[in-house]
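The values are calculated or read from the model by the stated rules, or taken from the named source; none is laboratory data. Just so it is clear, the structure is predicted and the values come from calculations on it, not from any experiment. Virtual Cβ from ideal backbone geometry, glycine too; neighbours counted across all protein chains shown. Side chains are part of the model used for accessible areas, which takes the heavy atoms of the whole protein and leaves out ligands, DNA and RNA. Shrake-Rupley method; radii C 1.70, N 1.55, O 1.52, S 1.80 Å.
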Amino acid sequence: MAAVQKVSQRIRNRFLPFEVPLFLLAVTLLAYSILLPQMGFYWDDWPWIWLQHLDGKQGMLQIDRAFRPLSGVILFLISLFAGEQPFLWQLTNLLLRWFSSLTCFLVLKALFPRQTFTALGGALLFLLFPAYQHQFVAVNSSRHLLPFSFYFLSLFFMIQAVRREKRAWFFHGLALAFQVSEMLATEYYYGLECVRPFVIFTVLKQRLGGREAVTQMMKQGMPYFGLLVGLVAWRFATTRRPDYTNYALLWQEDSDPLSATNGMLLLRLWGEQLKVGMISAWTKLFEFPHPATFGARKTVLYSFLGIAGGTGVYFYLSKTLPRDLAFPGKSGLLLGICSLVLAGLPFLAAGLRVDISFPANRLTLPQAFGASLLLISLIELLLPKKSLQVLMLSGICALAIGSHFQNATDFQRDWAYQRAFFQQLSWRVPGIQPNTLILSNIVEQTHSSDNSLTAALNWFYFDRFAVEQLPLLFFYPSERTGASLQQLERGARLERRYGRFIFHGNPERILVVDFNPPACLRVIHPVYDRANPWLSRETRQLAPLSNLQIIKVEPKEIRPTFPITILERQEVWCYAYQRADLARQQERWQEVIFWYETASEWGDSPNRADETVPLLQAYAFQGNWQAALQTTSQIARTAKRYVHYLCEIWGDLAVRNQPPQAILNSVQGALQCSP
């Protein structure tokens with residue numbers, strides 16, 4: 001028995017250095033990996049991955065090269081492994097999230113060697129920081145997550161250099177190299193660079209007196225401060241370049257940054273940042289899912305993951321931590337507060353709001369370090385017993401794991417909506433003429449903007465093209481114009497730059513679409529949809545601009561390189577509807593009827609009453625007036641608001657098809673149309 005225990009202890013000692021990394025990896029997997037295979041590309045992922053598709057992997061090197069020289073290098077290196085595969089990008093970003101928490105632990109452990117709970121608890125809270133929800137925007141966030149690890153590695157080696165007299169120059173060199181790498185990759189952590197003097201002072205004060213510690217802090221911190229000043233000055237200079245296209249500074253050259261107006265704005269933004277980091281980030285944990293909208297099975301899984309994660313954290317910490325926990329005193333609290341206060345400085349300079357809503361919550365990433373260290377220090381201060389500290393931390397981790405599962409579910413559904421959008425678009429619009437402006441309602445269920453989907457649509461329809469002229473532009477009119485494009489006259493032209501590309505739009509080449517699941521994607525008809533009550537007022541106003549003649553009806557070749565698999569045929573209602581609507585555009589009325597009958601044989605039916613209108617028109621143009629009347633009555637019974645819409649449809653039929661007077665009288669009697 002003693003021999004077995006001895007062997008067991010020997011094995012445990014051998015794997016002891018890997019214990020914390022494996023523990024953090026297990027929490028990472030529990031929080032972020034459950035739905036990983038069902039994730040895709042979102043938001044700014046699309047433009048970056050599209051550029052790689054157009055220019056090859058080396059094209060990534062050009063991304064933000066003028067002001068973030070290493071940002072594109074990071075994306076290029078990841079692309080060598082991930083290519084154009086969403087899952088591989090998601091997997092890489094998952095590992096980067098884990099690695100950032102591990103490097104955070106290394107810094108806290110080096111800074112507070114005897115405070116294991118502070119180091120491990122701070123790293124856990126950092127890993128699960130609930131305000132940051134861009135984890136699944138894998139391409140774009142990877143170029144910010146990896147530099148965060150560079151920042152932590154720089155702090156770690158700086159701490160080693162301050163502690164050791166031998167080979168201090170070597171560790172300072174490593175720290176400076178990682179500092180340069182982090183600052184040339186992103187400006188997200190410029191504010192956190194200002195925390196370095198406090199970190200150095202905290203280390204020195206553990207062995208030196210106050211005055212000597214201050215002197216040594218200034219001496220050893222000088223190289224880092226000089227590098228910070230130099231790189232900030234360089235970054236400021238890039239904003240004055242004529243070709244600069246990123247966020248401008250809050251103030252202009254001809255205005256005073258310290259004016260009362262700018263000063264009040266800065267104070268307000270700063271206050272909002274602190275509120276997010278100290279309050280809003282953590283109260284988000286109590287936004288519980290509702291089974292009616294989240295789904296019963298997902299709600300059960302949410303509960304299971306939270307309970308399993310919290311229980312695992314509790315037992316691991318209870319077994320691992322020493323009985324007598326050392327408290328770092330004021331140092332942990334002060335470092336957390338300083339980090340939180342200074343983290344958002346780059347965003348203040350640009351006048352950007354830090355918020356917990358998408359996409360602004362990407363800016364909470366630099367706050368994660370300070371907010372987590374502050375919270376774990378408060379737990380240690382307010383709860384003196386080890387068991388209560390572990391219980392509180394485990395409860396927070398349980399809620400955070402559940403919160404991230406909710407976020408993962410949102411992104412999973414987003415990818416499903418994107419797949420449905422492109423799938424149905426391929427059925428309804430097999431091809432499209434270049435120089436087309438596509439106008440759409442805002443798709444509420446997605447995290448992708450119209451700017452993002454412009455890249456995806458050009459990839460979808462035109463794959464690769466050699467010229468610098470952008471074939472398609474995708475607009476949410478309410479966001480891009482401030483109005484509904486009522487002022488756009490036929491004959492006026494639209495020109496817009498998209499990265500290195502330029503779009504030349506002809507107002508005769510506009511296509512209006514509406515996507516509002518569970519209803520099918522709708523290509524707006526310039527006549528039939530002007531009075532459709534199911535469409536927004538803005539979409540109805542845009543309907544006359546929609547030119548269906550720019551649609552190429554011949555089948556498009558298979559798109560093997562597009563990240564979303566497109567099915568040529570699927571036995572679902574929206575496939576039948578899109579085929580029927582395309583046939584209606586070509587006035588192939590018998591084919592329209594065929595697709596409705598086929599859908600009925602599949603046991604499927606319209607998701608919304610206005611999806612039956614093409615069948616009504618097909619019956620009318622085929623001379624089956626009784627069937628047309630019956631279909632009209634079925635739609636009218638759905639809601640009274642359809643009456644005016646149906647009157648418009650029958651008004652068009654009266655002009656184009658001249659139905660019998662008896663039929664018109666029946667329609668008038670049923671709908672009470674105004675003359």
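Points to keep in mind about this one:
- In the stretch 348-392, the qualifying residues are those that are open to solvent by 30 Å² or more (accessible area, probe 1.4 Å) and without any contact (Cβ under 8 Å) to a residue 40 or more places away in the chain, and the one that is farthest from Trp270 (Cα to Cα) is Lys385.
- Among the conditions (1) surrounded by 18 or more Cβ atoms within 10 Å (Cβ to Cβ); (2) at pLDDT 90 or above; (3) farther than 30 Å from Gln445 by Cβ; (4) out of contact with any Pro (no Cβ under 7 Å at 6 or more places or on another chain), Ala343 misses just one, which is (4).
Yes/no per residue for (1) farther than 23 Å from Gly277 by Cα; (2) open to solvent by less than 10 Å² (accessible area, probe 1.4 Å); (3) outside any helix (DSSP H, G or I); (4) touching a residue at least 40 places away in the same chain (Cβ under 8 Å):
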| position | (1), (2), (3), (4) |
| --- | --- |
| Leu80 | yes, no, no, no |
| Leu91 | yes, no, no, yes |
| Trp98 | no, no, no, yes |
| Ala123 | no, yes, no, yes |
| Tyr132 | no, yes, yes, yes |
| Leu146 | no, no, no, yes |
| Phe152 | no, yes, no, yes |
| Phe171 | yes, no, no, no |
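- Annotation: Ala398 fulfils all but one of (1) open to solvent by less than 30 Å² (accessible area, probe 1.4 Å); (2) at positive phi; the unmet one is (2).
- Segments classed as helices (runs of 4 or more DSSP H), wholly inside the stretch 565-643, with at least 2 members that are within 30 Å of Phe41 (Cα to Cα): 573-585
- All conditions but one from (1) acidic (Asp, Glu); (2) open to solvent by less than 10 Å² (accessible area, probe 1.4 Å); (3) within 24 Å of Gln658 (Cβ to Cβ) apply to Asp610; the one that does not is (3).
- Per this entry, Leu485 is not counted among residues that are modelled with pLDDT under 90 and open to solvent by 40 Å² or more (accessible area, probe 1.4 Å).
- Boolean, Leu646 is within 20 Å of Arg530 (Cα to Cα), assigned to a helix (DSSP H, G or I), touching a helix residue (DSSP H, G or I) at 6+ places or on another chain (Cβ under 8 Å) and modelled with pLDDT of 85 or more: yes
Okay, residues lined up against (1) within 27 Å of the chain's Cα centre (by Cα); (2) not aliphatic (A, V, I, L, M):
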site: Tyr151; (1), (2): yes, yes
site: Arg164; (1), (2): no, yes
site: Arg167; (1), (2): no, yes
site: Leu176; (1), (2): no, no
site: Val180; (1), (2): no, no
site: Tyr189; (1), (2): yes, yes
site: Gln206; (1), (2): no, yes
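- Some residue of the stretch 658-671 being part of a helix (DSSP H, G or I) and in contact (Cβ under 8 Å) with a residue 60 or more places away in the chain: no
- Candidate set from the stretch 210-243 (those that are part of a loop (DSSP other than H, G, I, E, B) and open to solvent by 40 Å² or more (accessible area, probe 1.4 Å)); member that is modelled with the lowest pLDDT: Asp243
- When Leu70 is tested against (1) in contact with a Ser or Thr (Cβ under 8 Å, 6 or more places away or on another chain); (2) crowded, with 24+ Cβ neighbours inside 10 Å; (3) farther than 24 Å from Phe23 by Cβ; (4) among the aliphatic types (A, V, I, L, M), exactly one condition is not met: (2).
- Number of the exception - Gln590 against (1) open to solvent by 50 Å² or more (accessible area, probe 1.4 Å); (2) in contact (Cβ under 8 Å) with a residue 40 or more places away in the chain: (2)
- Some residue of the stretch 296-305 being within 22 Å of the chain's Cα centre (by Cα) and either part of a helix (DSSP H, G or I) or modelled with pLDDT of 90 or more (or both): yes
- Against the list (1) under 26 Å from the mean Cα position of the chain (by Cα); (2) modelled with pLDDT of 95 or more; (3) farther than 20 Å from Trp43 by Cα; (4) of a type outside the set (A, V, I, L, M, F, W, C), the condition Gly395 fails is (1).
- Filter result (modelled with pLDDT under 90 and open to solvent by less than 40 Å² (accessible area, probe 1.4 Å)) within the stretch 306-330: Leu321, Ala326, Pro328, Gly329
- Matching residues in the stretch 12-41 - criterion: being at pLDDT 95 or above and of a type in the set (Phe, Trp, Tyr): Phe23, Tyr32, Phe41
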